[in-house]
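Report on the structure given below.
The values are calculated or read from the model by the stated rules, or taken from the named source; none is laboratory data. Remember, predicted model here, so these are calculated numbers, not experimental data. As a convention, Cβ positions derive from the backbone with ideal geometry for all residues, glycine included, and neighbour counts pool all protein chains shown.
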Amino acid sequence: MQRYTINIIFLAAAVSLVAAAAAGLFDNYILTVLMFMGINIIFASSLNLVNGHMGEFSCGHAGFMCVGAYVGSLLSVVFFTSNKFFGDPLFPPEAAPFLFPLVLILASLAAALFGLIVALPSFHTRDDYLAIITIAANYIIISIVENIDAIGGPRGFSGMKRTMNVMGDVIHLPWMLIWVLIGCFVCITVLYRLVTSTYGKGIPAVCQNEVAAEIMGVNTNKVKIMAFMVSSGLAGMAGVLYAHVYGYVNAQAFNILKSTEGLVMVYLGGMGSISGVILAAVAFTLLVEALRFVIPAANDLLHIWGILPASSELSQIWKWVIIPLILILLMQLRPEGLLGNKELTHVFPRLRRWVSFK
Amino acid sequence: MLTVTDLKASYGKIEALHGISFHVRRGEIVTLIGANGAGKSTTLKALMRLKLPECPTVTGGDILFDGESIMNMEAHHVVGKLRMTLVPEGRQIFGNLTVVENLTLAAWTNTGDTRRNLDHVFGIFPRLAERMRQRSDTLSGGEQQMLAVGRALMSKCSVLLLDEPSMGLAPLLMYEMFRTLKKLNDEGMTIIVVEQNARIALQLADRGYVLDTGEIVAEDAGKALLQRPEIKAAYLGG
């Protein structure tokens, strides 16, 4: 029974969320925030596989999200919508809700292939040097996308909203929320099953000591390829969802700032802790959204108190001062993150009565 | 069984082994002794075909295992196919994994019955069974060394390479460790051991090689080497 508690809780939560959204209990804003929470969970926990479990420092993770976003958007437009560039839809519109997983899978595979850009150099390079390669990978991907005019180049690419509309016409449901929830479930299940399997134990082994891993018969190169590809594939899935929630993609949305956001979530949650990173992704999304209201409020207060002259204003840009500041404080006060490398069930042993993490 | 001819290995531009040759017969205990920097650990890493960035590059010579060259193999093949494995210097266990997780990692080589291999290792080191679910970085030094050897045994190896198994062990534990090695050898395991503590290594070994700055300078039966005055003076403290 304990084995299934998490699945049951997740299913119940997902069904009630979808039902509430379908009944129109959420306004558009809350719905969007919920979906971004899910996307951030996928993005951060996939990064956690490389940075947390495998102990490498990847800081170009958004690049793979970019690949997923563009490939997914392109496929969804070609598959389900008529477009002056690509002509009539490839599949009948009624099939859209059933064939959308195909888009998710293909785009993830494409992103996983790009993961090789980092995986192959990782055989002979590690630590700081590999980190630089990951940044380079991020820029390579963005530059490629920006220079292909057929997909909009620097202007970005849109048309995915129509796919969503097509799906909504078939069955009226909050489809995007459903896909995000399914994506989260797939992502967490894949990661969890991977790191607890004997095969996946090769990942922490590589992290701790590659020599020792090799002499245990672990093929370290294979483990690295696998981990980087799974990680970037899942990031690609996050990208597809992101593109469809927004209805528009632009390569610059996946620059180093986005990668940094992922890093913040991983370090906030605790490296190598799946539940910690999920919590951190939720907390981070809420924090960013809360700042949307806190900053104008602070602005008003400062004006009322006369601290800030009337000519100057506290803008939303301050978000990018406050968030890094939180990271600095976190590193000072709790460098291991919320949960360290432990899972929730280790921190609260009583949970184990209800939940088995195996 | 294992024949090394004219093996040369280097770290970057610095050559650490200048062409050493030796052989090991099945069922033997062979020891390599020598001062720091003589090339003992380098030899073991070269034998294991480790190719990671911090490992030496083999620049010449040949290693034959049962008559076939293993120069094109990777370390995980050496473990998986030849059943030869290494207990590295300083243990190098996986600290953030539990004892049993450390051991079951060996299932990577698909040696069939993990359960039975576990029982076998716990039979040799009952202490590890008591500490099974404990994180391995919380073990004492001696227990960690047991785990390192136990982990190697999990891959059902027939050739065991040990790099400084006595390092950091109290004398009593050290003797116990060497007794265990002798017992494994009696059961048919071929053992190659690199040691700083030349006296205990030579007492245990059938044959010994003395390495000095990347070259083999002496070779004889272990007991005979113990008697040689120049070895006594250089490695046994007179």
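Observations
- Reported count of residues in the stretch B:45-56, each being in contact with a helix residue (DSSP H, G or I) (Cβ under 6 Å, 6 or more places away or on another chain) and more than 10 Å from chain A (Cβ to nearest Cβ), is 1.
- Residue in the stretch A:48-68 that is among the hydroxyl-bearing types (S, T, Y) and within 19 Å of A:M160 (Cα to Cα) present: no
- Given (1) within 26 Å of B:K182 (Cα to Cα); (2) modelled with pLDDT under 90; (3) more than 13 Å from every other protein chain (Cβ to nearest Cβ), index of the condition B:G12 fails: (1)
- Verdict on B:G60 being touching a strand residue (DSSP E or B) at 6+ places or on another chain (Cβ under 8 Å) and farther than 12 Å from B:I192 by Cα: yes
- Residue within the stretch A:318-334 that is surrounded by fewer than 17 Cβ atoms within 10 Å (Cβ to Cβ) and among the aromatic types (F, W, Y) present: yes
- Scanning the stretch A:208-245 for residues that are closer than 23 Å to A:I140 by Cβ and hydroxyl-bearing (S, T, Y) turns up A:S231, A:S232, A:Y242.
Okay, residues lined up against (1) at pLDDT 90 or above; (2) farther than 28 Å from B:L169 by Cβ; (3) crowded, with 16+ Cβ neighbours inside 10 Å; (4) aliphatic (A, V, I, L, M):
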| residue | (1), (2), (3), (4) |
| --- | --- |
| B:L7 | yes, yes, yes, yes |
| B:H23 | yes, yes, no, no |
| B:V30 | yes, no, yes, yes |
| B:G37 | no, no, no, no |
| B:A75 | no, no, yes, yes |
| B:L82 | no, yes, yes, yes |
| B:E101 | no, no, yes, no |
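- Residue match in the stretch B:225-233 (condition: crowded, with 20+ Cβ neighbours inside 10 Å, of a type in the set (D, E, K, R) and assigned to a helix (DSSP H, G or I)): no
Residue-by-condition table, conditions (1) basic (K, R); (2) surrounded by 16 or more Cβ atoms within 10 Å (Cβ to Cβ):
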| site | (1), (2) |
| --- | --- |
| B:A106 | no, yes |
| B:N117 | no, yes |
| B:L128 | no, yes |
| B:R131 | yes, yes |
| B:S140 | no, no |
| B:R151 | yes, yes |
| B:C157 | no, yes |
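- Count of residues meeting criterion [of a type outside the set (G, A, S), in a helix (DSSP H, G or I) and within 21 Å of B:A38 (Cα to Cα)] in the stretch B:176-203: 4
- For the stretch A:57-81, a residue qualifies if it is surrounded by fewer than 24 Cβ atoms within 10 Å (Cβ to Cβ) and farther than 19 Å from A:E146 by Cβ, and the qualifying residues are A:F57, A:C59, A:L75, A:V78, A:F79, A:T81.
- Those helices (runs of 4 or more DSSP H) lying entirely in the stretch A:263-357 with at least 3 residues under 27 Å from A:V33 (Cα atoms) and modelled with pLDDT of 85 or more: A:274-304, A:319-333
- Residue match in the stretch A:26-41 (condition: part of a loop (DSSP other than H, G, I, E, B) and out of contact with any Phe, Trp or Tyr (no Cβ under 8 Å at 6 or more places or on another chain)): yes
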